[in-house]
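To start, the structure under review is shown below, and the notes come after it.
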Amino acid sequence: MKAYVYGANGAAISDVPKPTPKGTQVLIRVRACGLNRADLGMTKGHVHGSAGGVGTVLGMEWAGEVAELGPEARGIKIGDKVMGSGAAAFAEYTLADHGRLLHAPSNMNFDEAATLPIALTTMHNAVVTNGALQPGQSVLVQGASSGVGLMAMQIAKLKGAARVIGSSTDPARRSRLKEFGADLAIDSKDPAWVDEVLKATDGAGADLIIDQVSGQVANQNLAATKVKGRIVNVGRLGGTHADFNFDLHAARRITYIGVTFRTRSIEEIREIFDAVKTDIWSAVESRTLRLPIDRVFAFDDIGRAFAHMEANKHLGKIVVTL
């Protein structure tokens, strides 16, 4: 089968053996894939958790049809239209644990379905489970113009946030954040952004910050968080290391939580998928929670899709179809 593989000379389409499901695994005939920032890093040889390196089939997010079941797979049948996340998505066939699947709504095509699994699971876990957002509270999403950022703002609104603030350093993308739930859009490179957040929250600061940037904004986040507020660190696109004001952190009594799928067990991941199904799935089916598709590329043009992502001018998801 065709797959997008990282090799000694970089990433390229190659022929690899078709996988066989074992245990609770399900074999998926992939129809569309969503691109993510971690994929871009892996095309350059970076490791993402236990994945990466020469011989790795790339990709983390997909939609397709169930082609075959492992002997212990439950809750799914051959022919089901599904979407999910996991390793080796950029291929004609991929494997997934039966608990890491979502049934794609009938009113959603494969391209649309492929945009959602990572954003839904990551941000429901960050905003609701770890962020403990309550109705009437305020939320700041750092890096809000990414696919997961757009979803974070929408989930916050769905769960009753009184004020949602989103950041983007790109003026064009910042101007569109209100389409996806932002009451205020800020530029995190502007030194005055903390003051903007404090003004928007009557001087108190945000109850919850969903941080996909960190690095240079880490201490600013502390200053922009309410006393006894929460920060959930989801991403580190602005840097994995930075100065941290422990005194300000302690003085404001901020709960600081770090999350990632890379070190979670399959049992934890199943719980996250179940929480999405239980808590917000009706909003997915009604298309209240949605992501825009920036561009769609054929699988043979997947290199161009990654070049488009690296140019960093897109809003929403880049999709590759098979």
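The values are calculated or read from the model by the stated rules, or taken from the named source; none is laboratory data. Just so we're clear, the structure is a prediction, and the values are computed from it rather than from any experiment. Neighbour counts are summed over all protein chains in view; Cβ atoms, including those assigned to glycine, are modelled from backbone coordinates with ideal geometry.
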Does the stretch 26-48 contain any residue that is more than 28 Å from L208 (Cβ to Cβ) and among the polar types (S, T, N, Q)? yes
Determine whether the stretch 254-268 contains at least one residue that is under 21 Å from S146 (Cα atoms) and assigned to a helix (DSSP H, G or I). no
Taking A119 and the conditions (1) over 23 Å from K159 (Cα atoms); (2) among the hydrophobic types (A, V, I, L, M, F, W, C); (3) at pLDDT 95 or above, which numbered condition does it fall short on, given that it satisfies the others? (1)
It is to be established whether one or more residues within the stretch 89-99 are assigned to a helix (DSSP H, G or I) and surrounded by 16 or more Cβ atoms within 10 Å (Cβ to Cβ). yes
Regarding the stretch 135-151, can at least one residue be identified that is surrounded by fewer than 18 Cβ atoms within 10 Å (Cβ to Cβ) and at pLDDT 95 or above? yes
Determine whether the stretch 7-28 contains at least one residue that is among the charged types (D, E, K, R) and either in contact with an Asp or Glu (Cβ under 7 Å, 6 or more places away or on another chain) or closer than 30 Å to N312 by Cβ (or both). no
Screening D195, D183 for residues that are of a type in the set (D, E, K, R) and free of Cβ contacts under 8 Å to residues at least 12 places away in the same chain leaves only D195
Would you tally the residues in the stretch 281-316 being aliphatic (A, V, I, L, M) and either free of Cβ contacts under 8 Å to residues at least 60 places away in the same chain or more than 18 Å from Q154 (Cβ to Cβ) (or both)? 7
Is it the case that some residue within the stretch 50-73 is farther than 17 Å from Y4 by Cβ, of a type in the set (G, A, S), modelled with pLDDT under 95 and outside any strand (DSSP E or B)? yes
Among the candidates I231, I318, I269, I280, single out the residue that is surrounded by 17 or more Cβ atoms within 10 Å (Cβ to Cβ), in contact with a His (Cβ under 7 Å, 6 or more places away or on another chain) and over 14 Å from N36 (Cα atoms). I280
Filtering the stretch 69-96 down to residues that are under 19 Å from the mean Cα position of the chain (by Cα) and over 19 Å from M42 (Cα atoms) yields V82, M83, G84, A96
Test: residue in the stretch 48-71 that is surrounded by fewer than 19 Cβ atoms within 10 Å (Cβ to Cβ) and within 15 Å of A114 (Cα to Cα): yes
Of A3, A8, the only residue that is surrounded by fewer than 17 Cβ atoms within 10 Å (Cβ to Cβ) and either out of contact with any Gly (no Cβ under 8 Å at 6 or more places or on another chain) or modelled with pLDDT of 95 or more (or both) is A8
Give me the strands (runs of 3 or more DSSP E) completely within the stretch 111-198, filtered to those with at least 1 residues that are in the same structural domain as V82 (by TED's automatic domain parsing), ordered by residue number. none
Please go through the stretch 205-248 and pick out each residue that is touching a residue at least 40 places away in the same chain (Cβ under 8 Å) and either part of a helix (DSSP H, G or I) or of a type in the set (A, V, I, L, M, F, W, C) (or both). A206, L208, I209, I210, V213, V217, N221, A224, V232, V234, L237
